[in-house]
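Working notes, structure below.
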Amino acid sequence: MKSYKELYRRLPRQFIDIVSKQYEPGECDDIFAGYMCKRPVTLRINRLKTDVRHVMDVFRKENIKYERVLWYEDALIIRNKKEKDLEKHNLYQNGDIYLQSLSSMIPPLVLEPKSGCKVLDLTAAPGSKTTQIAALMDNKGYIMANELNQIRSERLKFNIDRQGVKIAEVTIGDGKKIDEAYNEYFDGVLLDAPCSGTGLFLVDNPQTYRGWSVKNTLRLVREQKELIKTAVRVLKPGGVLVYSTCSIIKDENDENINWMMENYKSLISPETITLKPDGSGSKYNMMDINGIKDSMMLIFPSELFEGFFVSKFKKKN
């Protein structure tokens, strides 16, 4: 772990000031401590191709040290291998496992997609959540995996194919302009919104924070609001919307939710998040919206978790 002196020297001063204003001193300490951690590799077993027992048997035979994750049976923590090592492994090459952060696994679990339903992954690349949703649906139903960027969409298609997903259609286009033919069409919408990535900062890796700026964050907040409009529009009555970001900045999280509730209170209501990622060194806060308990979750960056925000809503009948 680096020192706090090193953190203050490296991270953008404006960012440190924003965090210090938005969070209590103890919470700031948790966030900054998380930025100084070195995280092990975590992965998700792809149940469309294999099961956790088989993967654990392979790892035991090859002396790959793993730990189970209490709140998600398909997740493993790897202690003695790096990502580049596992990317060469047959399990990875065959699509039996997917290298994915624990925090990234949470939004699809909160969405709780059912077999046979119709789901929109509004900003889908590179496909970690799309493929996880397909596994949760047992490859039965329909997923529209939308991506704006042509190059990123190719990676999305590659991962969908490698993971054996049969129910996902990749669409390339602006998520703010999903065709009106899909109005009130989807049983579930996952909006893992483009964000400033402040939950992913690592002091040792300047690439994680070099491009951050207040100006860019404000631009992203405007983009997030426009995507929320689409998500509400295409969700059918009774359907579930999960809004998430890999940011800890409240402008992208709490404030967007407040804006959504002000503008769509007649259409959507907050839902309780029942998933609790306890254990594994997790630190998170559950927050309320309009008196609905535990409808927003802020995951603090830590040894095993990236910083993440997750919220859940239901469209009124």
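Here, each number is a calculation from the coordinates, and none is a lab measurement. Computed from a predicted structure; not experimentally measured. Every residue, glycine as well, gets a Cβ built from its backbone with ideal geometry; the counts of neighbours run over all protein chains shown.
For segment 41-99, rounded, prolate or oblate, judged on the Cα gyration tensor with a ≥ b ≥ c (square roots of eigenvalues), a/c < 1.5 rounded, else prolate if a/b > b/c? Show your work: numbers first, answer last.
On the way: a/c = 1.35, a/b = 1.08, b/c = 1.25.
Taking the square roots of the gyration eigenvalues as a ≥ b ≥ c, segment 41-99 is rounded.
Just check segment 105-315 against the gyration tensor rule for me: Cα atoms, a ≥ b ≥ c as the square roots of the eigenvalues, rounded for a/c under 1.5, and otherwise prolate or oblate depending on whether a/b exceeds b/c. Write down the numbers at each step before the final one.
Details: a/c = 1.30, a/b = 1.13, b/c = 1.15.
Judged from the Cα gyration tensor, segment 105-315 comes out rounded (a/c under 1.5).
From the phi angles alone, apply the Karplus equation (6.51, -1.76, 1.60; θ = phi - 60°) to segment 164-179 and give each ³J(HN,Hα) in whole Hz, x where the residue is Gly or Pro.
x, 7, 10, 10, 9, 10, 8, 10, 10, x, 6, x, 7, 10, 4, 3
Quickly estimate the mean residue ellipticity at 222 nm for the chain, helices only: each DSSP H run with n ≥ 4 gives -39500 (n - 2.57), and the total goes over all residues, rounded to 500.
On the way: 11 runs with 110 residues, N = 317.
My calculation for the chain gives -10000 deg cm²/dmol from helical runs alone.
Taking only Cα atoms and a 10 Å spring cutoff, compute GNM fluctuations for the chain and point out the largest among VAL119, VAL189, VAL19.
Maximum fluctuation in the GNM of the chain, among the listed residues, is at VAL19.
Relative contact order for the chain: what percent, with Cα pairs under 8 Å and sequence separation of 6 or more?
Values: 651 pairs, mean separation 60.3, N = 317.
Once divided by the residue count of the chain, the mean separation gives 19 percent.
Under 1.5 on a/c is rounded, so check that first for segment 145-201, then, if it is not, pick prolate when a/b is larger than b/c and oblate when it is not; a ≥ b ≥ c are the square roots of the alpha carbon gyration tensor eigenvalues.
On the way: a/c = 1.62, a/b = 1.10, b/c = 1.48.
It comes out oblate by the Cα gyration axes.
For GLU112 and VAL58, what is the calculated FRET efficiency with R₀ set at 30 Å and r taken between the beta-carbons, to the nearest 0.05?
Values: r = 29 Å, r/R0 = 0.98.
My answer for the efficiency is 0.55.
Note the full-extension length gain between GLU73 and LYS176 as 0.36 nm times their separation in residues minus their Cα-Cα distance, in nm to one decimal. Could you put the intermediate results ahead of the total?
Working: separation 103, 0.36 × 103 = 37.08 nm, distance 3.47 nm.
Additional length available on full extension: 33.6 nm.
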